[in-house]
Amino acid sequence: MAELKPGLVGEATLVVEEKHTARHLGSGGVNVLATPIMIALMEEAGRNAVEPLLEPGHLTVGASLDVKHLAPTPMGMKVTARASVVASESGSVTPGPANARMACSVTCASRRISCLRCWMAGSASIAG
């Protein structure tokens, strides 16, 4: 059983394309990174931080988000989400109540465009 502890880090990166924009998703009228895509990138970074610790047949389950989208990011720009475990309610990633508090920051050209705090509630079985 792997240990879930503060300091675990994961990253996820994308280059903003038309399919990532608010206009394409219908969440806004401009060709900038859509907030739902930014959140998905943050979730991917969080998953990358803890996924190596999960038992086979398990995945992470997000429980809540507190997100601020601070600046627009136009198409063609590279965006990187970096998530880290900042606290853990239990020492292992197992089915049930193993909770980790994650913090995530999204940057573009060394400028922070978003910040996030969320709880990731343990793991869930993907079997039958």
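No value in this document is a laboratory result; all are computed from the given coordinates. Since the structure is predicted, the reported quantities are computational estimates derived from the model, not experimental observations. Note: ideal-geometry Cβ built from the backbone for every residue, glycine included; neighbour counts use all protein chains shown.
Note down the nm distance, to one decimal, between modelled labels 7 Å out along Cα→Cβ at H24 and at M75.
0.8 nm
So what are the ³J(HN,Hα) numbers for the stretch 103-113, from phi and the Karplus equation (6.51, -1.76, 1.60; θ = phi - 60°), rounded to whole Hz, Gly and Pro as x?
Result, rounded to whole Hz: 10, 9, 10, 10, 10, 9, 6, 6, 10, 6, 10.
Give me a comma-separated list of calculated 3J(HN,Hα) values for the stretch 37-46, in order, Karplus coefficients 6.51, -1.76, 1.60 applied at θ = phi - 60°, integers in Hz, x for any Gly or Pro.
Each residue's phi maps through the Karplus curve to give 5, 4, 5, 4, 5, 4, 5, 5, 4, x Hz.
Quick one: which residues, 5 or more positions from L8 or on another chain, have an amide H under 5 Å from its amide H? H modelled 1.01 Å from N in the peptide plane, none for Pro or chain starts.
Amide H neighbours of L8: V85.
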